[in-house]
Every structure is written in C-alpha cells, then in structure tokens.
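For reference, the structure discussed in these notes is given below.
We did not get these values from a lab; they are worked out from the coordinates using the rules stated. Computed from a predicted model, the values in this text were never measured in an experiment. Quick reminder, even Gly has a Cβ in these numbers, built from the backbone with ideal geometry, and neighbours come from all protein chains shown.
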Amino acid sequence: MHWRYFAAAAAFSVALVGTSPLCAQQTEKAGAGVSAASAGGTRSAAGAVVYAERFGAACAACHGANGRSEMAGTPVLAGQHSLYVITQLFLFREGRRKNEAMVGLAKQMTDADLRGFSDYIGTLPPVPAPAPAVPPDAARMDKAQVLAKEYKCVYCHGADLAGGQGVPRIGGQKEEYVRTTLLGLKSGERPGYTRAMTEALSQVPAEDMALLAYYVANITAK
C-alpha cells in the first residue's frame, strides 16, 4: 500500500505547486489579459512578503535567515526547489517523516501554507558553504565522481547535483546530513514519495555512501 500513499503525495505536491500564486499569475497572463496578470502578480508579491516574514519567525532560527545555518543536523534550504520542498512539508504534516520539531510545525500548516512556504524557500538563492580549513581531497573527490556516475546520481540530480523541480538540490548540502539521509533512505527509515532512491541505494555499500556524501558536500554547485 505504500506506493499508493507516495503516489498520492507526489500528485498532491504537484497539484499544490500547480495552483501556487506564481503559476496562477502565469495562467492569468496567458488567458485573461494584462489586467488579470497584474492582479495575480500583486497577490503573489503580497504572499511572498507574508511568507518571508513567517519564514523568519518560524524557520530561520534553525535553518538560517538565508536558508543556510551551521546547526548540526539541519539541512541547507538555500537554493532548494519549491516542488521538492512542498513534498517534504506534506510528508512532515502527515507524520511520514520523523522529526519532532518539523512535524509539530507542519501539522499546523494549511495547504496554502505549504504553498506559501515552499514558494518562498524556492526563491532563496544557493549559499556556498564556508571555506573548509583543509581543501577537499582531490583523490577522494575523483573517486566519488566516478561513483556518482556509476550509481546514476547524476542522471537525476545533474552533473553539478543542482537538481530541479521535484529532484532536490544536493550539491553543497552538509556531509553528515547527506550520509544520514542516504542510510535512512536505504533502510526505509526515511520515506521518499517514490521508491526511486531506495531502489537506487539498495546495492550501494555504506563506505560508498560515505564517499558520496563527502563529494556532495564539497562539490561546487551552481
């Protein structure tokens, strides 16, 4: 039955993003003339201000005002795609993803909130990680790059791991967070909205996942 749930989650996220203020603005512009598009743009701008303020109040303490904090265990949101974000918020709201703080916040969100927060987060530009004290090990990076191709990471996430639409940006994500996520997806402890990642990781040994996490964290993503 899990595949039905995840299919519904994916469809739900697409529907929400499809009716987001930005998409509504584009539809009005195409089919209802300049005046309707202008009104849609005004609503979109007003909504962006509201959710920027709400993000600052509810999210920035952990995730950082710009979407990148150095708090342990907290993922980087800067540069993330709104379709991916809305799906994760939905999974938190439904209690499918396990994080007490995020579940508590998401359970209070309406569908409009899911749209508003994900649309706002989708506007945050990528923020590079602070320069490491020691440059990334070239040999490890080269080996991991080969693994990223071998395990087909780049097929979905792109050569620079910037992702797109429902595929998350992972380039520049925190190493420990990536490693924990990969292990959780492989074991099933962390659900996805499809089984793609679980299946992709099924034959990947833990040592290769650790090397991939190192590569992901140190790649220079656009």
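Between Gly164 and residues 5 or more places away or on another chain, which pairs have amide H atoms under 5 Å apart, with H built 1.01 Å from N, and which residues are they?
For Gly164, whose amide H was placed from the backbone, the distant partners under 5 Å are Arg169.
So what is the relative contact order for the stretch 165-222, in percent, with contacts set as C-alpha pairs under 8 Å and at least six apart? Let's see the in-between values first.
Details: 50 pairs, mean separation 30.6, N = 58.
Dividing the mean separation by the residue count of the stretch 165-222 yields 53 percent.
What are the aspartates and glutamates whose alpha-carbon lies under 14 Å from the alpha-carbon of Lys149, with same-chain residues fewer than 8 places away excluded?
Asp160, Asp208
Between Thr110 and Val146, with labels modelled 7 Å along Cα→Cβ, what's the label distance in nm to one decimal, could you check?
So the label points at Thr110 and Val146 sit 5.5 nm apart.
Using modelled backbone amide H atoms (1.01 Å from N, in-plane), which distant-in-sequence or interchain residues come within less than 5 Å of Arg190's amide H?
Amide H to amide H, under 5 Å and 5 or more residues apart or across chains, Arg190 pairs with Leu185.
Which of rounded, prolate, oblate describes the stretch 117-222, given a ≥ b ≥ c as roots of the alpha-carbon gyration tensor eigenvalues and a/c under 1.5 marking rounded, otherwise prolate only if a/b is larger than b/c? Mind showing how you got there, number by number?
Working: a/c = 1.60, a/b = 1.01, b/c = 1.58.
It comes out oblate by the Cα gyration axes.
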